[in-house]
Each structure stands twice: as C-alpha cells, then as structure tokens.
1. Specify the residue that is surrounded by the fewest Cβ atoms within 10 Å (Cβ to Cβ); the eligible residues are those in the stretch B:22-34 that are out of contact with any helix residue (DSSP H, G or I) (no Cβ under 7 Å at 6 or more places or on another chain) and without any contact (Cβ under 8 Å) to a residue 24 or more places away in the chain.
2. Please find, among B:Tyr88, B:Tyr72, the residue that is under 19 Å from the mean Cα position of the chain (by Cα), aromatic (Phe, Trp, Tyr) and farther than 30 Å from A:Ser74 by Cα.
3. Quick one: in the stretch A:231-271, of everything that is of a type in the set (S, T, N, Q) and away from chain B (no Cβ under 14 Å), which residue is surrounded by the most Cβ atoms within 10 Å (Cβ to Cβ)?
4. What's the total number of residues in the stretch A:91-102 that are out of contact with any Lys or Arg (no Cβ under 8 Å at 6 or more places or on another chain) and either within 14 Å of chain B (Cβ to nearest Cβ) or under 19 Å from A:Pro284 (Cβ atoms) (or both)?
5. Specify the residue that is nearest to the other protein chains (Cβ to nearest Cβ); the eligible residues are those in the stretch B:48-61 that are free of Cβ contacts under 8 Å to residues at least 24 places away in the same chain and surrounded by fewer than 14 Cβ atoms within 10 Å (Cβ to Cβ).
6. Considering only residues that are part of a loop (DSSP other than H, G, I, E, B) and touching a residue at least 24 places away in the same chain (Cβ under 8 Å), look in the stretch A:257-272 and name the one that is farthest from B:Asn3 (Cα to Cα).
7. Go through A:Glu160, A:Glu169, A:Glu130 for me and flag whichever is crowded, with 17+ Cβ neighbours inside 10 Å and at pLDDT 95 or above.
8. Whether any residue in the stretch B:158-180 is of a type outside the set (Gly, Ala, Ser), surrounded by 12 or more Cβ atoms within 10 Å (Cβ to Cβ), part of a strand (DSSP E or B) and in contact (Cβ under 8 Å) with a residue 60 or more places away in the chain is what I want to check.
Amino acid sequence: MSPGSKNSSSEGEQRRLAAKRSNLWLRARLLQAIRHFFIEKDYLEVETPHLIPSPAPEVHIDAIKAGGAFLHPSPELCMKRLVSAGYSRIFQICKCFRDGERGEHHLLEFTLLEWYRTGAGYMDLMDECEEMVLSVSEDLGFGAKIHFQGHNIDLKRPWERMSVKEAYERYASMPMERALTSKRFDEVMVREIEPHLGIPKPTFLYDYPAELAALAQLKENDPALAERFEIYMGGLELANAFSELTDVSEQEARFERERLKRKQLGKTVYPMPERFLKALAHMPDSVGIAFGLDRLAMVFTDADKIDEVISFSPEEL
Amino acid sequence: MYNASDLRRNLKIQIDNEPYIIIDFQFSKPGKGQALYRCKLRNMINGVIIDRTFRSVDTFEPADLQERRMQYLYNQENEFYFMDVENYEQSMLTLEQVGEAKNYLIDNLEVDILLFENRPIGITLPNFVNLRVTRADPWAKGDSVSGDSKPVTLETGYELRVPPFIDEGTKITVDTRTGEYVTRVKE
C-alpha cells in the first residue's frame, strides 16, 4: 500500500459516484415514469414481504437464507395470492435476491418490476409491454428510437415476435428438440441465439418448452409448449412472462418434480408453499410478468454492465 | 478442488492434464435456465486459447503450479538452462517458452521458473535488470531527426533507445515489463 492510499481510495469513490450521477438520475426518472404508467392504467401498487418461509421450488433459482426463512427470489407467490383474492390489476417494484447470480448482467440483489392482470392472455401482455416501454421512453425524452451497445433500437409498435422454435431454426446450430435432449438448450440459447435478439426492434421470444416453465400454463393445442415469453433488447434479456397456471394439482405435481430435481443436485429443498397452493384454487385466468428494472435502466443509459446503473455493487460495500 | 462459482479471471485450473489460466470470464443465466460460466482460457504450456462453457455442477482441479528461484546458466542453440538456487537441479526452457525474456538473460541472473507438475513451462523476470551497452553510435549533435534518444545494443543483443549521453560500455537499468530504459547504473 502506498502512503495516502486510503485517501486516494475515498477520492476514487467520489469520482466513481460522480460519474454515475446521470445514470442514477435517469434510473430514478425511469421508476417514476413506470409508476405513472401503471397508476394511469388503474393498477394498484402493492408491497409483499421480502422475507418468506417457502420460495417457489424452481430447480435453477436459489434463494438466500435469512433468519430461518428466505429472502424472496421473486414476489410471485404472494402477488398471485392477491390476484386469487380478487386484486385484478397489481404491480410491485421490489428488490429480489438470488444466490450465486453475479456477473456483468447479474446481481444477487436486483430490482424487479412485477405485474399481474386478470382476464388477459400472454399475447395481450406483449401489447401492454410495448405500450409501457414506449410510454416510459417518451416520458424520459427518448421517443421511439434508442441507442444501446452499438445498436439502434426502434421501440415503435409492433415489436418482433418469434417463437423459441423459430429462433432455433433461424440462429442455432441444432433444432430445439435436439438441444433439449442433449441438455444444451440454455447453452445454445446464450451462445448462438440471444446475441441476435432484440435488434433492431425488441423481440418477444415465446412458447418455451413446457419443462422450462414451472409456473406457466401449457398451450391448449400443444402441451409440449408453455405460454411463456421473454423480452430481449440488443441481445439483453429483460423480462420473463407467462399465462399463469391455475390448476392446483398440476402446480403441486410440478413443484414436487422441481423439489426432487433440487434434491438430486444437492440443493436446499424449500418447504412446499401450501398457502399459495390453497389460494391458487381461486385464481382467475391471468398473466404475469417479471421485468428486470436494472436491465431496463441499462438499456436507457446505454450501459454495458449492470454495475453502472446502481449506486454500489456488492464488491464496493 | 474448485467449483464453478469459484471461476474468475486469472484463476489457474487443470483441463485434460494441462494448466490453463482464465483470461476472460462471463456469468450468464438465461431466464429460468441454469447458470452458465463462459470462459476463455489460455493453455499455459503452448499458449493456445480455447472457449469453454461450464455449468454449476462442474468441478475443477487447481493447476499444480509452483515457482522456483533459479539462476540463468547459459543457452545452447534454442535451449536455455537454469539452476535451482536451493537444490542445484537444472531445468531447461525452449526459446519459445523463454520468449521476450531472452533479451534480459545474462549469466547468473536470478529469475522465477514456473513449473507444472515439476516440468518447467515459463519464466518470470525481475522487474528491473542491469545490462551493459555493447554498441552505441556517437551522438551526432544537432541531429533533430532522432530527437533526444539514440539506438544502442546491449550485451544480450537487445536493441533499444536510450538518452544520448549513454556510451558504449555503460551499464543501464531496463524495465523488463516495458523493455524501456530506466536509468544509468553508477559503477
């Protein structure tokens, strides 16, 4: 350590945070614009607990233990209990926590915008996403054209809609079925498909293989697929949505399978979310979506790393 | 033993019995999918760069590497010989393995030799090495083309630019990381 290094590191922090000022301003305005959009559309803003006893058992989502419970990896279960009790349009902006997820686009603690709406299908939800992002972009003064990581992205409606199967046909070195049987679906998606998505218009990638959507409703005419979609802009994944599964016994069986897979992998097996399953019996047909707000802030600030749109990264604490 | 979550830039691991250093690392996780650890790795023996994607269930052996302090002895054709200063055992590196370091190797110079499973694979030089100038043209005053430096040749055959006041026979310090002149050595 050189003399005065303590001093220079605090100067480093001053400089670093000063350089982030415009991004943090834009992030704050983004949050306000989103709230404005949903309130205008008669959505109720809700808050559900961050500390929960039983996260949804999903094989690849690991909750962080805290005081005999878990920090929620998503507000999904509590929000669906509200939907089941008749709250037909709700949104929430909250922190979510996922263990082991740290990278240029990942934080263990990240901000999610999640909303639910009854009496609509996943295609209607795509329309609403287009409307929301465009409205927010206009509020921020960007209009319909934004620049993100070397790409000009045109937010004008309609956006590109492409099924997962089509995306495999267009971009991948193997068909979707083969990627699934050889257990390379995620790898091919990340390496070969994602870099093409969301250019020059945002892309809705829809109809995922049923086994990759533990809480989604299956397609009526093709039960091998789930009514699930993701949004991409400039190769970056921004949101995950689906038509909600409302069949209690089917949901219970899927949770059981996910718990078994977790056990096989030596991961923590969460208690069955019994109260959620009970409530699900009353849940009307609805759609829900989890939208990564840090990543949306990345798009509007043209940031290549998620750290650029938050005040402190975990390593800076 | 390392887990996938230990992977990061500069970590040295063993793949197919060869040591690799991670030169680029990216965590990715497609929505609802499994975590993928995408790495660019350089083979520490032959320099070949490979791309690999690992999953959270993968585990890795740390590369069995150690550094030994050795003295440079001599070279014969393209082979460079070193002697361990503690146990006097000799090791040999090829010209390819020595690379740019050959510009600084003078008899008895102490260096660190990197061993993989006791096999020499690389060399780390001290940051500064003193070398004698064996050839220097006299400084032509008013020569504005060459500015305020002139080319010289060192005892290792290495050529570099130095300030005009450095004469043949002078010893100078060179920074081995940049290959540049640092100062004249007082003798």
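1. B:Asp24
2. Answer to the check: B:Tyr72.
3. It comes out as A:Ser243.
4. Residues meeting the conditions: 7.
5. From the stretch B:48-61, those free of Cβ contacts under 8 Å to residues at least 24 places away in the same chain are B:48, B:51, B:53; that's our starting set.
With the extra rule that they be surrounded by fewer than 14 Cβ atoms within 10 Å (Cβ to Cβ), the set shrinks to B:48, B:51.
Working: B:Val48: 20, B:Asp51: 9 Å.
Applying the filter and picking the extreme gives B:Asp51.
6. Among them, the one singled out is A:Met272.
7. Values: A:Glu160 fails: crowded, with 17+ Cβ neighbours inside 10 Å; A:Glu169 fails: crowded, with 17+ Cβ neighbours inside 10 Å.
So the residue among A:Glu160, A:Glu169, A:Glu130 that is crowded, with 17+ Cβ neighbours inside 10 Å and at pLDDT 95 or above is A:Glu130.
8. yes
The values are calculated or read from the model by the stated rules, or taken from the named source; none is laboratory data. Just so you know, these numbers come straight off a predicted model, no measurement behind them. Here the Cβ is made from the backbone with ideal geometry for all residues, glycine too, and neighbour counts use every protein chain on show.
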